[in-house]
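The values are calculated or read from the model by the stated rules, or taken from the named source; none is laboratory data. The structure displayed is predicted, hence computed values, not measured ones. Cβ placement follows ideal geometry from the backbone for every residue including glycine, while neighbour counts extend to all protein chains displayed. Just the protein is used for accessible areas: all its heavy atoms, side chains included, with ligands, DNA and RNA removed. Shrake-Rupley method; radii C 1.70, N 1.55, O 1.52, S 1.80 Å.
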Amino acid sequence: MNPPSTADGHPNRGLSSPGSNLVRGGAALAEALDLAPKVGAMLDARTAGFPVRATRHYLSLIDKADPHDPLLLQILPTVEEGRATPGFVRDPVGDQRADHHRAPALVHKYPGRALLILTGACAIHCRYCFRRHFPYEEVGEGGRRWAAALKVIAEDTSIVEVILSGGDPLSLGDAALGDLVEQIAAIPHVRRLRIHSRVPVVDPEQVTDGLARTLGGTRLSAIFVTHFNHARELHPLAVAACDRLRRAGLPVLNQSVLLRGVNDSVESFVALCEALADAAIVPYYLHLLDPVAGAAHFEVGEEQGRALIEAARSRLPGWAVPRLVRDTGAGPAKRLIA
Ligand SMILES: *Cc1c(COP(=O)(O)O)cnc(C)c1O
Ligand code: SF4
């Protein structure tokens, strides 16, 4: 089956809330943010391969009067995206390298855990996304798309943890996700399940009690990893979504990407860690930006990253300070920087 065609020409691949909650394409974004219509056309011209996409909820958090709003920067394509920068490439972390790719939807880079790329669909297109050039079409469509991956996992007893990733795994829809979780739980040597998703942040009402129960109800130890980058993203609805997950038995961790203009000041970074801690969400990783083509303008240096971690350590409990890491695409783990 072909993916449904969409207003922005980018596949939805089972996106479970493709309706009015999504704002797709430059024109729709310009309208939602009160920008001139010609800005919308310009945005579309800049972003052919990775169109503008956001949710109404996320847009409601943006201060329209501030052109440098840290949430706006995450979704608004700038002219810098088109600029080639040496060292910024299409596959910065080696996800597409043959030796890491054991099946079309399976990236197995690190011992013990393997990552399933379930879908190319996201409710939001983060302009710094390291998978913005990922060839999702090679993953295939429908339930068959992960059959080969599940077979590899079933035959490799070293894989004890399966990470659902994407795109956004919650884009699959509750039924398909539940089905997949069951299939993973049926592999005896798999003990843990991890779900990496930005949906609690950008479309929190999609995280229903039913979905939380589906994810928490498996025999696998399930852990949820969200993706908040700024304190203002911890809206009461997002916090409530994480509460539902926790009540269903899933610890909630967070990973952020260190982004220029978003969370690179001591003030904004500490506020993010505080807000996460107040929501009982454990800051797990702070990622240095993966050098993906089109995102160079978000880069923050390693030294500045270390300074932020140090500042946070002097103000917050140890559990509320994430580890600063870089994915070098090589080695047995992400590299710990601080
Ligand atoms: C980041 C990543 C993981 C998970 O790494 P952890 O350090 O366990 O969080 C697994 N597989 C791939 C391909 C990754 O990029
Ligand atoms: S939600 Fe995640 S996968 Fe989707 S665009 Fe944002 S960073 Fe990329």
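Within segment 194-205, being open to solvent by 10 Å² or more (accessible area, probe 1.4 Å) and either within 18 Å of Gly120 (Cα to Cα) or within 16 Å of ligand 1 (Cβ to nearest atom) (or both) holds for Arg194, His196, Arg198, Asp203. Hey, does segment 159-170 have a residue that's surrounded by 15 or more Cβ atoms within 10 Å (Cβ to Cβ) and more than 16 Å from ligand 1 (Cβ to nearest atom)? Checked segment 159-170: at least one residue is surrounded by 15 or more Cβ atoms within 10 Å (Cβ to Cβ) and more than 16 Å from ligand 1 (Cβ to nearest atom). Counting only residues that are over 16 Å from the mean Cα position of the chain (by Cα) and closer than 24 Å to Thr208 by Cβ, segment 242-264 holds 9 of them. The condition (being in contact (Cβ under 8 Å) with a residue 40 or more places away in the chain and out of contact with any helix residue (DSSP H, G or I) (no Cβ under 7 Å at 6 or more places or on another chain)) is satisfied by just one residue among Arg145, Arg198: Arg198.
Just so you know, in segment 165-211 the residues that are aliphatic (A, V, I, L, M) and within 12 Å of ligand 2 (Cβ to nearest atom) include one that is nearest to Pro111 (Cα to Cα), and it is Leu170. Please go through segment 286-303 and give me each residue that is out of contact with any Leu (no Cβ under 8 Å at 6 or more places or on another chain) and either without any contact (Cβ under 8 Å) to a residue 60 or more places away in the chain or in a loop (DSSP other than H, G, I, E, B) (or both), ordered by number. Those that are out of contact with any Leu (no Cβ under 8 Å at 6 or more places or on another chain) and either without any contact (Cβ under 8 Å) to a residue 60 or more places away in the chain or in a loop (DSSP other than H, G, I, E, B) (or both): Asp290, Pro291, Ala293, Gly294, Gly301, Glu303. Residue check: His68 meets all listed conditions (1) loosely packed, with under 14 Cβ neighbours inside 10 Å; (2) within 16 Å of ligand 1 (Cβ to nearest atom) but one, namely (2). Looking only at segment 123-137, residues that are within 16 Å of ligand 1 (Cβ to nearest atom) and at pLDDT below 80 come to 2 in all. Residues in segment 98-113 include none that are at pLDDT 90 or above, touching a Ser or Thr at 6+ places or on another chain (Cβ under 7 Å) and more than 16 Å from ligand 1 (Cβ to nearest atom).
Candidates are the residues of segment 38-65 that are hydroxyl-bearing (Ser, Thr, Tyr) and closer than 28 Å to Pro135 by Cα; the one that is surrounded by the fewest Cβ atoms within 10 Å (Cβ to Cβ) is Thr47. All but one of (1) within 16 Å of ligand 2 (Cβ to nearest atom); (2) within 17 Å of Phe298 (Cβ to Cβ); (3) modelled with pLDDT of 95 or more; (4) open to solvent by less than 30 Å² (accessible area, probe 1.4 Å) hold for Pro92; state the number of the condition that does not hold. Going through (1) within 16 Å of ligand 2 (Cβ to nearest atom); (2) within 17 Å of Phe298 (Cβ to Cβ); (3) modelled with pLDDT of 95 or more; (4) open to solvent by less than 30 Å² (accessible area, probe 1.4 Å) one by one, Pro92 breaks only (3). The requirement of being within 16 Å of the chain's Cα centre (by Cα) and either β-branched (Val, Ile, Thr) or farther than 23 Å from Ile187 by Cβ (or both) is fulfilled somewhere in segment 134-149, by at least one residue. Helices (runs of 4 or more DSSP H) fully within segment 185-257 that include at least 1 residues being touching an Asp or Glu at 6+ places or on another chain (Cβ under 6 Å) and closer than 17 Å to Leu272 by Cα: 199-202. Of the residues Pro317, Pro322, the single one that is open to solvent by less than 20 Å² (accessible area, probe 1.4 Å), under 18 Å from Asp278 (Cα atoms) and touching a helix residue (DSSP H, G or I) at 6+ places or on another chain (Cβ under 9 Å) is Pro322.
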